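The values are calculated or read from the model by the stated rules, or taken from the named source; none is laboratory data. The structure presented is a predicted model; accordingly, all values stated were derived computationally and were not measured. Positions of Cβ are generated from backbone atoms using ideal geometry, with glycine treated the same way; all protein chains shown enter the neighbour counts.
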Number of protein chains: 2
Amino acid sequence: MRAYKAEIIAVGTELLLGQIANTNAQWLSKKLADYGIGVYFHGVVGDNLDRAKSLFTHAGERSDIIFVTGGLGPTDDDLTREAFQSISNKKMVEDNETIKKIERYFHKSNRQMTPNNRKQSLVFEDAQVLANSAGMAPGMIVEHNQKIWIFMPGVPREMKAIMTEHVLPYLQKELQLNEVIESRMLRFIGVGESQLEHELKDLIEKQQNPTIAPLASEGEVGLRLTAKASSKKEANDLINHIEKQVLDKVGAFFYGYDETSISKQVLNLLKNNNMTIAAAESLTGGKFSSDFVTNNGASEVFMGGVVCYSIKAKQDVLDVSSNVIEKFGTISRECAEEMAVKVSGKHASTFGISFTGVAGPDPSEGKEVGSVFISVYNRLTGESITKAYHFHGDRNAIRNRTVKKGFELLHNILNQ
Amino acid sequence: MRAYKAEIIAVGTELLLGQIANTNAQWLSKKLADYGIGVYFHGVVGDNLDRAKSLFTHAGERSDIIFVTGGLGPTDDDLTREAFQSISNKKMVEDNETIKKIERYFHKSNRQMTPNNRKQSLVFEDAQVLANSAGMAPGMIVEHNQKIWIFMPGVPREMKAIMTEHVLPYLQKELQLNEVIESRMLRFIGVGESQLEHELKDLIEKQQNPTIAPLASEGEVGLRLTAKASSKKEANDLINHIEKQVLDKVGAFFYGYDETSISKQVLNLLKNNNMTIAAAESLTGGKFSSDFVTNNGASEVFMGGVVCYSIKAKQDVLDVSSNVIEKFGTISRECAEEMAVKVSGKHASTFGISFTGVAGPDPSEGKEVGSVFISVYNRLTGESITKAYHFHGDRNAIRNRTVKKGFELLHNILNQ
């Protein structure tokens with residue numbers, strides 16, 4: 001297969017005004033990546049003839065397949081057809097099927113068809129017309145200067161219908177895509193993006209097939225391995241091979257594949273061991289519990305929790321001894337430990353986890369913003385593991401990092 | 001004011017692979033529209049030097065102000081600086097402030113600084129360096145061939161911080177934006193977007209200056225009023241005038257302005273009345289508490305909560321009577337009422353609020369997915385208000401709607 005360069009252009013002033021995000025480009029990019037077609041540029045231009053012409057001209061020079069969404073509607077500012085006509089000199093004709101469809105629609109809804117509605121039926125004379133099962137304006141595939149141009153409406157539902165029903169089968173056939181693309185996401189926690197890349201520098205530098213793409217998000221890192229091959233098995237073999245090399249180096253931080261999350265992994269580990277958990281949350285204010293129960297099946301392992309935001313709640317609801325609070329304060333290793341012990345006792349759960357610290361904006365009990373203690377108590381063994389952290393960022397960044405770290409800690413304990 | 005042509009470029013292969021949508025371009029476009037700066041193109045290019053150079057070259061030819069997001073990170077594939085250097089021949093130097101900040105970060109978090117981390121401190125010699133209050137890599141404003149180039153990190157939180165703190169004030173000053181744009185968001189809860197638009201049909205149809213833009217989000221609706229005028233006062237007078245007309249029609253659903261949220265309003269109402277609250281959460285699993293404590297100052301009014309996800313927790317931790325649970329079940333008006341009473345007693349808070357119901361995916365105790373009871377108990381008056389709801393959507397949509405409704409209920413009670 002030739003390496004085709006694809007480009008995606010959206011036409012619409014609403015995008016340049018920020019009224020909507022260009023989710024069409026994201027959807028199309030994902031589909032094309034699955035088909036092994038490389039997307040090299042996205043562009044957005046408003047409903048303006050000259051600027052659309054200029055972007056189309058650049059695209060025609062640098063790309064092999066150009067996807068254009070939007071600007072095929074009935075109103076005067078829909079001018080994708082006109083812009084392409086002015087660079088290609090192609091003739092436009094009315095598409096009979098579309099005219100009939102529009103007439104039927106107006107007849108059925110008892111409304112008068114206005115002249116601009118005919119505009120939606122205009123197609124280039126030599127176009128392959130793509131019926132729109134979700135709306136009026138058809139899509140088109142046109143060749144110009146040995147480049148393939150694919151025009152689709154901007155309404156996501158219509159674009160997706162035309163892509164799925166017509167364009168993808170066309171691409172598969174015309175481009176002879178006999179290559180299979182497989183991709184796998186490896187998920188890591190407890191390691192920064194730069195450290196991970198540093199550890200994998202050799203592999204990343206010589207990557208070709210599979211490719212290795214790191215992707216950082218709040219408190220964790222993903223590594224997407226993507227392989228091209230002539231069969232699914234061959235692609236997966238390539239991925240397995242590189243995955244082994246990756247995990248030999250950074251396996252200590254690996255926690256799962258693809259669509260999983262660290263909270264889901266913790267849930268599964270608890271479930272498989274017939275273990276349960278309860279949470280005592282101070283600075284996190286219920287976020288650990290709330291994140292945990294986003295997962296289906298949480299009720300089997302999550303017994304409940306206490307949001308002991310005030311000192312009073314720590315004492316009266318959770319029975320943390322006033323001794324500990326007076327001697328060490330609520331933001332202390334000792335308080336965290338007792339919170340975890342007490343909450344697991346109250347809920348008769350295998351584990352108790354606790355979070356105490358300073359989310360900010362102001363310091364508390366003489367402790368800096370970002371000081372956090374997390375404790376995990378195992379009621380079966382009577383063992384406590386308590387850790388001190390220092391997180392950066394605003395109030396919510398600190399809370400989010402704290403919760404992620406709690407899941408990481410549990411994951412490491414359960415995986416031992 | 002001159003009519004400046006702006007262009008927004010995002011650098012990052014993850015966008016071309018469709019892993020994320022280009023929400024930065026949307027956010028920036030909206031901000032620039034508010035400032036009356038026309039955005040003429042959006043572009044996205046991958047982490048590839050030649051293609052980034054080529055897009056930068058086009059942008060430099062056709063636009064006056066070019067915003068570039070992404071590609072300023074520590075890794076080898078972050079090459080925005082290199083691409084711009086190769087078209088501008090500008091020299092790069094390490095920014096001392098940034099180096100110090102990176103060193104402090106690694107020192108504090110007890111991690112090893114790898115050599116690639118220094119890369120984030122590189123800035124163009126003649127750049128105006130924009131401190132990044134939300135991350136490491138600073139932003140930059142650079143002039144080249146009489147065009148203004150503004151570079152910012154791709155992480156949305158960091159980009160927004162730099163835009164708000166540095167770039168928008170710079171633009172206001174440098175471009176002598178003597179047309180003033182003022183904008184105000186009115187926030188409504190307890191009314192759907194279509195009902196709100198229906199009530200305001202006349203106003204919306206004849207809108208010009210100010211413009212009226214409705215914006216729906218999970219369980220609430222916003223109305224953005226934007227006015228242009230030659231002075232701030234004049235713009236605000238225009239907004240005040242239309243706001244009065246809006247509130248005459250739909251004031252019953254209004255809860256606050258601009259960056260507030262319903263949880264923040266509830267917090268303020270409680271604080272102003274020297275009242276406190278505690279929460280007993282079943283299906284919401286801690287989300288009400290967690291949302292509440294995202295607000296600064298929550299500790300003054302939020303006493304704590306109990307996440308009583310299991311029946312056992314409702315009985316043992318919250319002391320809901322087994323009588324009520326046996327007779328009515330845990331998903332009942334009676335159980336909700338007792339949960340609210342009990343949690344306010346435990347935390348000695350003015351109010352107790354409780355949430356019980358079925359988040360799904362499966363029905364529970366013979367109750368349909370989406371059945372929810374919320375109860376608010378006022379310990380001062382001994383009065384309970386308990387409501388039954390039926391929400392639609394998946395597990396998390398139901399939990400989110402439930403929490404929003406809880407805040408709405410509290411808001412209405414406190415506003416009486």
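Restricting A:261, A:310, A:289, A:299 to those that are among the hydroxyl-bearing types (Ser, Thr, Tyr) and more than 7 Å from every other protein chain (Cβ to nearest Cβ) reduces the list to A:261. For segment B:386-416, a residue qualifies if it is buried (at least 19 other Cβ atoms within 10 Å of the Cβ) and part of a loop (DSSP other than H, G, I, E, B), and exactly one does: B:391. Taken together, the residues in segment A:21-52 that are farther than 14 Å from residue B:39 by Cα, facing another protein chain (nearest Cβ under 10 Å) and β-branched (Val, Ile, Thr) amount to 2. Contact annotation: residue pairs with Cβ atoms under 7 Å, 6 or more positions apart or on different chains, pairing a residue in segment A:396-407 that is touching a residue at least 24 places away in the same chain (Cβ under 8 Å) with a partner that is acidic (Asp, Glu) and not in a helix (DSSP H, G or I), are A:400/A:218; A:404/A:218; A:404/A:220.
Residues that are modelled with pLDDT of 95 or more and farther than 24 Å from residue A:161 by Cβ are absent from segment A:15-26. Against the conditions (1) in a loop (DSSP other than H, G, I, E, B); (2) within 21 Å of residue B:57 (Cα to Cα); (3) touching an Asp or Glu at 6+ places or on another chain (Cβ under 7 Å), residue B:113 satisfies every one except (2). Residues in segment A:364-377 that are of a type outside the set (D, E, K, R) and either touching a residue at least 60 places away in the same chain (Cβ under 8 Å) or surrounded by fewer than 17 Cβ atoms within 10 Å (Cβ to Cβ) (or both): A:366, A:372.
Give the residue that is surrounded by the fewest Cβ atoms within 10 Å (Cβ to Cβ), with candidates limited to residues of segment A:306-343 that are in contact (Cβ under 8 Å) with a residue 40 or more places away in the chain and small (Gly, Ala, Ser).
Checking each candidate, the answer is A:332.
Taking segment A:155-243 and the strands (runs of 3 or more DSSP E) fully enclosed by it, the elements with 2 or more residues that are more than 14 Å from chain B (Cβ to nearest Cβ) are at A:180-189, A:220-229. Looking only at segment A:313-343, residues that are basic (Lys, Arg) and within 14 Å of chain B (Cβ to nearest Cβ) come to 2 in all.
Annotation: of all residues in segment A:128-137 being in a loop (DSSP other than H, G, I, E, B) and more than 30 Å from the chain's Cα centre (by Cα), the one that is surrounded by the most Cβ atoms within 10 Å (Cβ to Cβ) is A:137. Considering (1) within 12 Å of another protein chain (Cβ to nearest Cβ); (2) farther than 18 Å from residue A:289 by Cα, the lone condition that residue A:403 does not fulfil carries the number (2).
In the set (1) out of contact with any strand residue (DSSP E or B) (no Cβ under 9 Å at 6 or more places or on another chain); (2) among the charged types (D, E, K, R); (3) closer than 20 Å to residue A:18 by Cβ, the condition left unmet by residue B:202 is number (3). Does residue A:352 satisfy the criteria of being on the phi > 0 side of the Ramachandran plot and either surrounded by 19 or more Cβ atoms within 10 Å (Cβ to Cβ) or aliphatic (A, V, I, L, M) (or both)? In short, no. Report, by residue number, each residue of segment A:253-288 that is over 23 Å from the mean Cα position of the chain (by Cα), without any contact (Cβ under 8 Å) to a residue 24 or more places away in the chain and surrounded by fewer than 24 Cβ atoms within 10 Å (Cβ to Cβ). Selection gives A:272, A:274.
For segment A:32-65, the candidate set comprises residues that are more than 17 Å from residue B:59 (Cβ to Cβ) and aliphatic (A, V, I, L, M); within that set, the residue that is surrounded by the most Cβ atoms within 10 Å (Cβ to Cβ) is A:39.
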